[in-house]
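Here's the structure we're looking at; comments come further down.
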Amino acid sequence: MKLAKRIGSISPSPTLAINAKAKSMRASGIDVLNFGVGEPDFDTPRHIKEAAVKAIEEGFTKYTEVAGIPELKEAIIHKFQSDNGLSYDPSEILVSCGGKHTLYNLAQVLFEEGDEVIVPAPYWVSYPPIITLSGAKPVIIRTTEDTDFKLNIDDLKNAITPKTKGLILNSPSNPTGSVYSKQELEEIAQIAMEYDFYIISDDIYEKIVFDGINCTCIATLGPEIKSRTFIINGVSKTYAMTGWRIGYMAGSAEVISAATRIQSQSTSNPNSIAQKAAVEAILGPQDHIKMMVEEFEKRRNYFMERLSKMGKVRCFKPQGAFYAFPNFSVCYNRSFKGRKISGSLELADFLLEEARVAVVPGIAFGEDNCIRFSLATSMEHIKKGLDRIEEALFLIEMQDT
Ligand SMILES: *Cc1c(COP(=O)(O)O)cnc(C)c1O
């Protein structure tokens, strides 16, 4: 069959083979410990579910306004005001079917052939394909542990061309857990204004931060930078609502109106019931967030402590989100159980077979030296998983040498 050209630009996820293997191992009864999951392991809080049940029982089950019900837009406006000190009008808010969908709509409206969009790596897997599908070209800037996985300003300046249309920021970051400071964002904002490009600020993990730090959104640094920033957020991670599919965006009314037109001719409104649940999530009791973040922080602490004992494996200490992204390149180009490991895909495959641990190879995020662990799993699993990895890689290594 002859498919459209655009689909040829999207390659299959490099993690597909590993996921399939993990699945078939599990199906044959092997107890694979899964560190691959990108969603909280907590249940959606009860009061949020009840709001959805109420919506169903009251018959709130029909089409709604394409860009989201007024009640939810008001709740989102309230959130921006009270959490970030940012004022938005309802015409500057678009509710979509998840943060990913919001980003997709935005890319369709802002970017086209001939544009370049800067994406710092390690990046969330969906950024490059969403940019590519818009016709624009993702321009990847590599960052490493040496700068806490944050953009080096000179590297940013060097990547800018007359075609640069936007920069994606994700703080706290998936996969690294890195968080930009206010001062670092000020420098980036200065450059965005000087070279005239947009900022896409993916704030989906803004409330999942550790060590008492505060997460700054670049849009709060002044009216000029606010006017060229589009904030992506949603309820998926903060409220353990990944399956409900509610995300939202804030930004200039002109862009929101255009993105709403795209949405109106593709998905129409996001799910009516989930919108009611999202209102309750945003305006209702927030105490479960604290409980969840405390638990993620405990797991991160334990993970870091254990990893520090694994030879030369380096790991940036995540300051937010619920992942760890350790650098296992010390294991590369060496043989374990007669198998040579030369990159993150082979390492992930080895860990799956020999340690029965599923991780996501860093190459999926544009960094082959690392592998991603999701800490959205119980402490008991984390302990067991690290025991197994230690045994598979390090005890064996000692026997071999
Ligand atoms: C999970 C995630 C999103 C959005 O997820 P949705 O479920 O589509 O709301 C956006 N950005 C990053 C970095 C994520 O990890």
*asked:* Which condition from (1) touching a strand residue (DSSP E or B) at 6+ places or on another chain (Cβ under 8 Å); (2) open to solvent by less than 50 Å² (accessible area, probe 1.4 Å) is the one that K137 breaks?
replied: (2)
*Kindly list, by first and then second residue, each pair from a residue in the range 281-302 that is closer than 15 Å to P40 by Cβ to a residue that is open to solvent by 70 Å² or more (accessible area, probe 1.4 Å) and at pLDDT 95 or above, limited to pairs with Cβ atoms under 8 Å and residues at least 6 apart or on different chains.*
E297/D211; R300/K317
*Would you pick out the residues in the range 303-325 that are surrounded by fewer than 21 Cβ atoms within 10 Å (Cβ to Cβ) and touching a Lys or Arg at 6+ places or on another chain (Cβ under 6 Å)?*
M304
*Selection count, the range 177-206, where residues are out of contact with any Asp or Glu (no Cβ under 6 Å at 6 or more places or on another chain), within 16 Å of the ligand (Cβ to nearest atom) and within 23 Å of M249 (Cβ to Cβ)*: 10
_Can you tell me which residue is farthest from the ligand (Cβ to nearest atom) among those in the range 207-237 that are of a type in the set (D, E, K, R) and either crowded, with 19+ Cβ neighbours inside 10 Å or assigned by TED's automatic domain parsing to the domain that holds F325 (or both)?_
K226
*Please enumerate the residues belonging to the range 260-274 that are within 15 Å of the ligand (Cβ to nearest atom) and in a helix (DSSP H, G or I).*
Q263, A274
*Tabulated pairs, the range 151-175, first touching a residue at least 60 places away in the same chain (Cβ under 8 Å) and farther than 14 Å from V117 by Cα, second aromatic (F, W, Y) and open to solvent by less than 40 Å² (accessible area, probe 1.4 Å), C-beta under 7 angstrom, 6+ apart or interchain*: S171/Y180; P172/Y205; S173/F149; N174/Y205; N174/Y323; P175/Y323; P175/F325; P175/F365
*Do the conditions hold for S266, that is, is it open to solvent by 60 Å² or more (accessible area, probe 1.4 Å) and at pLDDT 95 or above?*
yes
*asked:* Looking at G243 and the list (1) more than 16 Å from the ligand (Cβ to nearest atom); (2) surrounded by fewer than 16 Cβ atoms within 10 Å (Cβ to Cβ), which single condition is not satisfied?
replied: (1)
*Please give the number of the condition F316 fails out of (1) outside any loop (DSSP other than H, G, I, E, B); (2) touching a residue at least 40 places away in the same chain (Cβ under 8 Å); (3) more than 16 Å from the ligand (Cβ to nearest atom); (4) within 20 Å of the chain's Cα centre (by Cα).*
(1)
*Go through (1) under 16 Å from Q263 (Cα atoms); (2) within 15 Å of the ligand (Cβ to nearest atom); (3) among the β-branched types (V, I, T) and name the single condition T44 misses.*
(1)
*Would you pick out the residues in the range 85-114 that are in a helix (DSSP H, G or I), away from the ligand (no atom under 16 Å from the Cβ) and within 14 Å of F230 (Cα to Cα)?*
S91, E92, V109, L110
*All positions within the range 270-304 that are in the same structural domain as K317 (by TED's automatic domain parsing) and touching a Gly at 6+ places or on another chain (Cβ under 7 Å)*: none
*Would you mind stating whether R300 is crowded, with 23+ Cβ neighbours inside 10 Å, outside any loop (DSSP other than H, G, I, E, B) and of a type in the set (D, E, K, R)?*
yes
*What pairs can you find where one residue is in the range 93-104 and farther than 20 Å from G38 by Cα and among the charged types (D, E, K, R), the other is open to solvent by less than 10 Å² (accessible area, probe 1.4 Å) and more than 6 Å from the ligand (Cβ to nearest atom), and their Cβ atoms are less than 6 Å apart, with a gap of 6+ or different chains?*
none
*Given the residues V109, V95, which is the only one that is open to solvent by 30 Å² or more (accessible area, probe 1.4 Å), among the aliphatic types (A, V, I, L, M) and assigned by TED's automatic domain parsing to the domain that holds K207?*
V109
*Any chance the range 135-149 includes a residue that's modelled with pLDDT of 95 or more, in a strand (DSSP E or B) and acidic (D, E)?*
no
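The values are calculated or read from the model by the stated rules, or taken from the named source; none is laboratory data. These numbers were taken from a predicted model, which means no experiment stands behind them. For neighbour counting, all protein chains shown are included, and Cβ atoms are generated from backbone atoms with ideal geometry for every residue, glycine included. Remember, those area values only see protein heavy atoms, side chains included, never the ligands or the DNA or RNA. Shrake-Rupley method; radii C 1.70, N 1.55, O 1.52, S 1.80 Å.
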